[in-house]
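To start, the structure itself, in structure tokens.
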Amino acid sequence: MNDIIKVTNVSKAYGGVKANVDISFKVKKGSITGLIGPNGCGKTTLFNSIVGYHPIDEGSIEFDGNEISHLRVGDIARLGMLRTFQQTKIYTKMNCVDNMQISVSHRRNSKNGIFASRKGEIRERAEDLLEFVGLYSKRNLISGDLSFGQQKLLEFAMALMNEPKVLLLDEPTAGINPTLINGLIDRLGRANEELGITLCVIEHNMRVIMNLASHIYCLSNGKMLAEGKPSELQNDQRVIDAYLGGH
């Protein structure tokens, strides 16, 4: 597999606080890659840099062969990379289907886009994806009335509407009822296998990330501490000391 994301020697500081220091990592096309580490270690800052929410101070970020470190969020999204957030970003006063339809980007809804022919096709795809994530029966409910876990599934489905090449997920299981976690894991795996979407996942639930990802990176104090297969990181004393040992 080729590298679809390549981060090289990236640093980012806020005032005197060094959030990311000389970080390098790669995400293979078609993979599920994990990013772990204690709170405040710089994981979300790195995600924000990758998708263009703030400029990096040093280094480079490549996506699918393109240098993107100085592009805006919308430009990066149009190239095919999206992210979800710890706190969901949905339209809470709209029903689920309308959330799905409004999430389709201008690029996808243009006359040259894949959903150009009719609004009915957009709705059909929206309903198909709501069924994919297990929310079809709630398609006409106001999204603000969904449980937090169901809102996260809706946000995931909204991202899928734009057929991303890569989806970055920031703690997808945080705040979710444990009974919903296995269903979410299954749908993430299916999105990777059946829809061909490369996933990069920040996750604090070690059971989830160890079973979901094929390769994991661990940050500590803004720096890259370790990387490897899940089994390797589980037995890495540096990771245990920095993160796993405290949980």
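The values are calculated or read from the model by the stated rules, or taken from the named source; none is laboratory data. Note that the structure is a prediction, hence the values are computed from the model and not measured. Glycine gets a Cβ as well: all are built from the backbone with ideal geometry, and neighbour counts include every protein chain shown.
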Could you check, for region 53-62, whether at least one of its residues is surrounded by fewer than 15 Cβ atoms within 10 Å (Cβ to Cβ), touching a helix residue (DSSP H, G or I) at 6+ places or on another chain (Cβ under 7 Å) and assigned by TED's automatic domain parsing to the domain that holds residue 174?
-> yes
Going through region 80-94 in order, the residues found to be at pLDDT 90 or above, part of a loop (DSSP other than H, G, I, E, B) and in contact with a Pro (Cβ under 8 Å, 6 or more places away or on another chain) are 80
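Name the single residue that is nearest to residue 240 (Cα to Cα) among those in region 161-220 being polar (S, T, N, Q) and buried (at least 17 other Cβ atoms within 10 Å of the Cβ). If you could, list the steps in order and put the result at the bottom.
At the first step, the residues of region 161-220 found to be polar (S, T, N, Q) are 162, 173, 177, 179, 182, 192, 198, 205, 211, 214, 220.
Subsequent filtering for residues that are buried (at least 17 other Cβ atoms within 10 Å of the Cβ) retains 162, 173, 192, 198, 205, 220.
Numbers: 162: 38, 173: 21, 192: 28, 198: 27, 205: 14, 220: 11 Å.
In this case the residue turns out to be 220.
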Keeping to region 21-52, report how many residues are at pLDDT 90 or above, among the polar types (S, T, N, Q) and surrounded by fewer than 22 Cβ atoms within 10 Å (Cβ to Cβ).
-> 4
Which members of region 51-65 meet the condition of being within 19 Å of residue 84 (Cβ to Cβ) and out of contact with any strand residue (DSSP E or B) (no Cβ under 6 Å at 6 or more places or on another chain)?
-> 52, 53, 54
Can you run down the residue pairs with Cβ atoms below 7 Å, 6 or more apart or on separate chains, where the first is in region 118-137 and outside the structural domain of residue 102 (by TED's automatic domain parsing) and the partner is surrounded by fewer than 16 Cβ atoms within 10 Å (Cβ to Cβ) and not in a helix (DSSP H, G or I)?
-> none
Residue satisfying all of: in region 176-210; in contact (Cβ under 8 Å) with a residue 40 or more places away in the chain and assigned to a loop (DSSP other than H, G, I, E, B); farthest from residue 234 (Cα to Cα) among these | 196
Inspect region 96-106 for any residue being in a helix (DSSP H, G or I), in contact with a Lys or Arg (Cβ under 9 Å, 6 or more places away or on another chain) and modelled with pLDDT under 90 and give the result as yes or no.
-> yes
Check region 211-218 and report whether any residue there is farther than 20 Å from residue 90 by Cα, free of Cβ contacts under 8 Å to residues at least 60 places away in the same chain and either in a loop (DSSP other than H, G, I, E, B) or of a type in the set (Lys, Arg) (or both).
-> no
